[in-house]
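Only the coordinates and a few stated rules stand behind these numbers; no lab work does. Just so it is clear, the structure is predicted and the values come from calculations on it, not from any experiment. Glycine gets a Cβ as well: all are built from the backbone with ideal geometry, and neighbour counts include every protein chain shown.
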Amino acid sequence: MARTRQRTPNEVALIGRHTQQRSVVLAAFIRADGFVGAQALHSQLAADGTPVGLSTVYRTLTRLADAGRADLVRDPGGERLFRYRPGPDHRHYLICTECGLNRPVDSGPIEDWADGIAQDSGFAHVRHTVELSGVCPDCGRAPATAERR
């Protein structure tokens, strides 16, 4: 008889109801480098021969973001991109609109501002989204006619 690995309560909180597909998505997402869209992650899983539905990928990534274990930004076309967050700390990134390079930024002032708004207003469980984008130094130096990634 095959033995099933016991899941920790932490894993259950991350992805909700346990399914083999969600576990596979979580493992692939953790291995992904930087921000990744659901469609790109789904394509990678398909290329690896792993049959997981696109809706399962979307639901799992959304669940991780809701649980505070994935950072979420939008690319210039509006697609949601996710990056695995190994700990509970909320982060903000500066993202190059040309090549996708991303760097975490000091978000202390943003967090302090959001906390102050919450205290002043009496609101609880205040969430915020801050997206910073621009052109990185390498892309800024590239000739205007060069093909960009």
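Expressed in nm to one decimal, what extension gain is obtained for the pair residue 118 and residue 99 from 0.36 nm per residue of sequence separation less their Cα-Cα distance?
Answer, rounded to one decimal: 3.3 nm.
Starting from the amide H of residue 136, placed 1.01 Å from N in the peptide plane, find each other amide H under 5 Å away whose residue is 5 or more places distant or on another chain.
Amide H neighbours of residue 136, under 5 Å, 5+ apart: 97, 98, 99.
How much length is gained on full extension from residue 18 to residue 128, taking 0.36 nm per residue of separation minus their Cα-Cα distance? Show your work: numbers first, answer last.
Values: separation 110, 0.36 × 110 = 39.60 nm, distance 2.89 nm.
Working it through step by step, the gained length comes to 36.7 nm.
Residues in segment 58-87 near a label at residue 31, defined as backbone nitrogen under 16 Å from the 7 Å Cα→Cβ point?
84
Per residue, how much space in cubic angstrom lies within the convex hull of the C-alpha atoms of segment 90-149?
89 Å³
Hey, could you pull the Cα Rg and Dmax for segment 7-143, both in Å?
Considering segment 7-143 through its Cα atoms, Rg and Dmax are 16.7, 52 Å.
For a Förster distance of 25 Å, can you work out the FRET efficiency between the beta-carbons of residue 110 and residue 79, rounded to the nearest 0.05?
E between residue 110 and residue 79, to the nearest 0.05, is 0.60.
Residue by residue, what Karplus-based ³J(HN,Hα) values in Hz, rounded to whole numbers, does segment 108-119 have, using 6.51, -1.76 and 1.60 with θ = phi - 60° and x for Gly and Pro?
x, x, 5, 5, 4, 4, 5, 4, x, 4, 4, 5
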